[in-house]
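Report on the following structure.
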Amino acid sequence: MLLRLKSSRLIDTRTWKKVLNYNLNYTTLEIPKITFISSSSFSTCKNINYSPIKQNEANTVTKNIVKDYFEKFRSSPYVRIMRLDRPIGSLLLYWPCSWSIAVAAQPGCIPDLYMLALFASGAIIMRGAGCTINDMWDKNIDAKVQRTSTRPLVTGEMTHLDAWFFLGAQLGLGLLILLELNWNAILLGASSLGLVIVYPLMKRITNWPQFVLGMTFNWGALLGFCAIHGDVNWAACLPLYTAGICWTIIYDTIYAHQDRVDDLIVGVKSTALRFGRDTKKWLTCFAVLMNSSLITTGLVCDLTWPYYASISVIAAHIGQQIYTLNIDDPNDCAKKFLSNNHVGLILFLGIVIGVFLQNPDTTKNKDTTKILQSLNSNHVVQLEGK
């Protein structure tokens, strides 16, 4: 039996089945117009004209669908107020957490993967909450700055009430993540909320808002260790926290140079305005303090040579940033700012490998507090026995 196509050409049913098996798409086929003829007429069948969809055309269609979906996602006011379309902030918030978790790992072991994943989720949520709070405080200021004039609260895509409800949802998710930790870590994590709230006000009060941002963004350098061991080894974590604060001052000062003209007009303060033409000198000093603090953490924790190698790479990376920085070029400032994600990753890998190559029999200075508490309790018992 044969099938007749719109083109009036004929095709044998067996051939038709083969066509279907090969998934060839005949654009001229109209199923309702199929007629049946005898097989004796098959001799009149000629080559069939068809236009199959090419593979590259199909790929283009798929890419366009994905692109359209991604653009709709990025354009959502809730995505934009959380800065999900700009993940660099979440990464810069996450790296200090990962450093601390890696330092807390036992010699010869890798970091706790569950904690790394948990803190990654927390970094995304809390960074979004922080940005929401920042936009609520700065609505009037953002309207006067070119780079921030399209934020949802400024354009009216979201109301303050919308922002309040959305902030509550984010903080609720953040609390659920925090409750996965031990009680000391929960209290330590909750105490950082004050810094998150007051940071946006600092740019109205002091020339050093980047210092407060550093205290906020690097709280994870304390919290990560506490989440693993139940308390903070200040000898190891405080230098790490200090290094993170210096790092934040470096990259956020570079970032702030993009807006320094607008900041002057609206009266917003920043280290970019405070340092001015001496920015490179100031940043060099903070880079030296950052690397000195990282070395201190390495010595306290008895980390092996890969850790110090990573510090050397970081020193070269930040040195190159500062040396080639053009504070009058916003594009260069943005590029230098984004490159700091590499700094966080390099240090994380250095800590992980430095801990992994440690001798498992080596007593690390991580549990100094517990050791001292144990010694004190034993001493008290001996005195009572006497």
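The values are calculated or read from the model by the stated rules, or taken from the named source; none is laboratory data. Just so it is clear, the model here is predicted, and its values are computed rather than measured. All Cβ positions, glycine included, derive from the backbone under ideal geometry; neighbour counts span all protein chains shown.
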Item checked: Qualifying position, being in the same structural domain as Gly172 (by TED's automatic domain parsing), in contact (Cβ under 8 Å) with a residue 60 or more places away in the chain and over 30 Å from Thr304 (Cα atoms), among Pro152, Pro107, Pro111 -> Pro152
Margin query: Among the residues of the range 318-325, are any touching a residue at least 24 places away in the same chain (Cβ under 8 Å), under 14 Å from Leu349 (Cα atoms) and either in the same structural domain as Asp259 (by TED's automatic domain parsing) or of a type in the set (Val, Ile, Thr) (or both)?
Written below: no
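Per-residue answers, yes or no, for (1) surrounded by fewer than 19 Cβ atoms within 10 Å (Cβ to Cβ); (2) among the aliphatic types (A, V, I, L, M); (3) within 15 Å of Arg80 (Cα to Cα); (4) outside the structural domain of Asn134 (by TED's automatic domain parsing):
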site	(1), (2), (3), (4)
Glu157	yes, no, yes, no
Leu175	yes, yes, no, no
Leu181	no, yes, no, no
Asn184	yes, no, no, no
Met202	no, yes, no, yes
Item checked: Sole residue being surrounded by fewer than 17 Cβ atoms within 10 Å (Cβ to Cβ), assigned by TED's automatic domain parsing to the domain that holds Leu118 and modelled with pLDDT of 95 or more, chosen from Ala227, Ala169, Ala221 -> Ala169
Next item on the list: Search the range 287-318 for residues being of a type in the set (Ser, Thr, Tyr) and part of a helix (DSSP H, G or I), and hand back the single one that is surrounded by the fewest Cβ atoms within 10 Å (Cβ to Cβ).
Entry: Ser312
Next item on the list: Would you check if Asp142 is surrounded by fewer than 23 Cβ atoms within 10 Å (Cβ to Cβ), charged (D, E, K, R), farther than 30 Å from Leu264 by Cβ and in contact (Cβ under 8 Å) with a residue 12 or more places away in the chain?
Entry: no
Next item on the list: Tell me, please, whether a residue that is within 30 Å of Ser121 (Cβ to Cβ) and in a helix (DSSP H, G or I) can be found in the range 255-263.
Entry: yes
Item checked: Count of residues meeting criterion [among the hydrophobic types (A, V, I, L, M, F, W, C) and not in a helix (DSSP H, G or I)] in the range 113-153 -> 2
Next item on the list: Please enumerate the residues belonging to the range 75-105 that are part of a loop (DSSP other than H, G, I, E, B) and modelled with pLDDT of 95 or more.
Entry: Ala104, Ala105
